[in-house]
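Have a look at the structure below, then the notes.
The values are calculated or read from the model by the stated rules, or taken from the named source; none is laboratory data. These numbers were taken from a predicted model, which means no experiment stands behind them. Here Cβ is always computed from backbone atoms with ideal geometry, including for glycine, and neighbour counts include all displayed protein chains.
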Amino acid sequence: MVETAYVSVRETRTEYEVADVFREYGESYRQKYGLTPEQARVMGAITACRTATLGGHVEMCQDCGAVQIAYNSCRDRHCPKCGKFKKAQWVEKQKVMLLPIPYFHIVFTTDHAINELVPDNQKAIYHLLFRCAAESIQHFARLELGAEVGITAVLHTWSQRLNPHVHVHCIVTGGGLSLDGQSWMQAQPKYLFDIVAVSAYFRDKFCTGLAKLAQRDDFNLPEGFELDTLLEQMQAKAWEVFIKAFAGPAVVYEYLSRYVNQVAISNYRITDISQGQVSFTYYDNLDEGQQKTMTLSAHQFIARFLWHVLPDRFVRIRYYGLHHSHARKHKLPHCRALLGLNRTLPEPDPLLLVDWLETVIGVEVHRCPFCGAEGRLTRWAEIEQVPWAWLFLKALVGVWLMGRVPSS
């Protein structure tokens, strides 16, 4: 009779991960180029995510004695492994704001000429982008609809190839509360604003705001940088503002969920890590959206990824007008009444992590991975977030299993 120890680690990972790049090439990158405190923290979190470094817990099957180890997540918003359940929860909470009206998706993109200024002035430039996008929408809502609209805005800073591409996605109500607060002003199903006029207004507002920012003592300009020349060049261009009507209210937040709590690149897009290079897939918008593969040196890949690390505690999802937290308590219920709905906003559907894991991810957290028994896994021990404690527990579990494992 041979005794066998059944031990597994609960994980859902792809063949290649951003964490693998950091583990293999992160230290050489740091030594050569250095890291900001935020970048160092993000790199450390992603490398440690769902490993013994962050601790976890040990579960044991009461039927077969098998042991399953579940490591903790880092919960960093830049981590490709984390945030999916948080995103699902966010979608359910936002659905309660939906009204039976048209909705529009508007994307405000900055001129790439400002990318050189972003790393040393992230907060200032990103705040300016949010403000100019929201004020541009509200200006034309007052001008063309005579109303205040609702806006949900999400910041993105990357392209499919991980290059800097600073832009903000906005969901906008196709109509709003009249300026006197007495009626609902409905937009046309396929038309909200003159997008050419919006683009010019947004460009001018952003350039004016950037000129004011540059006068502040805490705004950093590279030595010899000619800001006046940059502003003149930017204002001579037609800026890109994209607008599209949604098919209906039901698809609005499901669509935006693709942009919420997302990171610069998902692990599944990485196809190879070898010989100091990283290959990943991307969709080429300049070639009819064809999927292609790009290969960068590992250091180039790391540099592009880290460019998109946000400042600590920076809020990248913001709400304006009828979607602002204060308006949800007062103006939004009034809008619902004007549209013939109950004034009270419905409660979001409850979303339990266990149910979400099973239905969306396909992970049956209560089923033993060895004997298949359901509901027989019990938490047996905790793993501390320090390596020496993990090594000690691992040895202890090994010794204990010798008298607990099933016979073959």
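Any residue in region 224-232 that is of a type outside the set (D, E, K, R) and under 19 Å from the mean Cα position of the chain (by Cα)?
no
A quick yes/no check of all residues on (1) more than 30 Å from Trp380 (Cβ to Cβ); (2) at pLDDT 95 or above:
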{"site": "Gly34", "(1), (2)": "yes, no"}
{"site": "Val58", "(1), (2)": "no, no"}
{"site": "Cys61", "(1), (2)": "no, no"}
{"site": "Gly65", "(1), (2)": "no, no"}
{"site": "Cys74", "(1), (2)": "no, no"}
{"site": "Val96", "(1), (2)": "yes, no"}
{"site": "Phe130", "(1), (2)": "yes, yes"}
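Let me spell it out: the conditions are (1) at pLDDT 95 or above; (2) in a strand (DSSP E or B); (3) within 22 Å of the chain's Cα centre (by Cα); (4) closer than 29 Å to Thr344 by Cα, and Leu177 meets all of them except one. Which number is the exception?
Single failed check for Leu177: (3).
Looking at region 62-83, can you tell me whether even one residue there is part of a helix (DSSP H, G or I), among the polar types (S, T, N, Q) and within 30 Å of Arg304 (Cα to Cα)?
no
Can you name the residue in region 209-239 that is touching an Asp or Glu at 6+ places or on another chain (Cβ under 9 Å) and part of a loop (DSSP other than H, G, I, E, B) and, of all such residues, is farthest from Ile125 (Cα to Cα)?
Filtering first and then ranking leaves Lys237.
Which one is modelled with the lowest pLDDT, of the residues in region 349-389 that are touching a Ser or Thr at 6+ places or on another chain (Cβ under 8 Å) and more than 21 Å from Gly65 (Cβ to Cβ)?
Applying the filter and picking the extreme gives Pro387.
Is one or more of the residues making up region 14-21 among the aromatic types (Phe, Trp, Tyr) and at pLDDT below 90?
no
Here are the criteria: (1) basic (Lys, Arg); (2) on the phi > 0 side of the Ramachandran plot; (3) touching a residue at least 60 places away in the same chain (Cβ under 8 Å). Tell me which single one Arg75 does not satisfy.
For Arg75, the failing item is (3).
Does any residue of region 305-327 turn out to be modelled with pLDDT of 95 or more, assigned to a helix (DSSP H, G or I) and aromatic (Phe, Trp, Tyr)?
Checked region 305-327: at least one residue is modelled with pLDDT of 95 or more, assigned to a helix (DSSP H, G or I) and aromatic (Phe, Trp, Tyr).
Quick grid of which residues meet (1) at pLDDT below 95; (2) under 19 Å from the mean Cα position of the chain (by Cα); (3) buried (at least 21 other Cβ atoms within 10 Å of the Cβ); (4) closer than 30 Å to Val18 by Cβ:
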| position | (1), (2), (3), (4) |
| --- | --- |
| Leu143 | no, no, no, no |
| Glu148 | no, no, yes, no |
| Gln160 | yes, yes, no, yes |
| Asn163 | no, yes, no, yes |
| Thr173 | no, no, yes, no |
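Kindly provide the set of residues from region 212-243 that are under 30 Å from Lys190 (Cβ atoms), exposed (fewer than 12 other Cβ atoms within 10 Å of the Cβ) and not aliphatic (A, V, I, L, M), ordered by number.
Lys237
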